[in-house]
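*Asks:* Here you go, one structure.
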Amino acid sequence: LLGNTDVPITFVPIGVRLLFVFYSLFNLIVMLNLLIAIISDTFDKVQDSAANARNAELLQLVVEYQKLTGDQGHSHTYLLKMGAEREDDEDDAAGEWQGRMREIAKAISTNQKDTSERLVTLEKK
């Protein structure tokens, strides 16, 4: 339980054993939390690109269908284009994020000014 040591387990104080068990459980919980965070982040990325993945699959299906059916005397030339459906949403999200960051920076600077003013009034007293 306590690793490979030359000291028998009976000579290890109970506090050290309890601390080791507590640390091991804490470490397990942190690692599981990290694993959940990684999986959640990956899931979010997949959800964001689901529309593009769907379009890519449909495009592959059309190309495969054309290969299987052959030309049959018709010569059609297709221009296949695939892109994001809503590029404006990404720009809006980035702008919204920047707006939030500006609000946070403004709140911090306001808080710093208030703190500086309070310190000045306290120094005067």
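The values are calculated or read from the model by the stated rules, or taken from the named source; none is laboratory data. Please read these numbers as outputs of a predicted model, since none were measured by experiment. Cβ atoms come from the backbone with ideal geometry, glycine included; neighbour counts cover every protein chain shown.
*Asks:* Name the pairs: first residue in segment 38-58 and surrounded by 10 or more Cβ atoms within 10 Å (Cβ to Cβ), second residue not aliphatic (A, V, I, L, M) and not in a helix (DSSP H, G or I), Cβ to Cβ under 9 Å, at least 6 apart or on different chains?
*Replies:* Qualifying pairs under 9 Å: ALA51/GLU85; ALA51/ARG86; ASN52/GLY83; ASN52/GLU85; ASN55/GLY83; ASN55/GLU85.
*Asks:* Next up: Going through LYS81, LYS67 one at a time, which residue ends up being loosely packed, with under 10 Cβ neighbours inside 10 Å, of a type in the set (Lys, Arg) and modelled with pLDDT under 65?
*Replies:* Within the list LYS81, LYS67, the selection yields LYS81.
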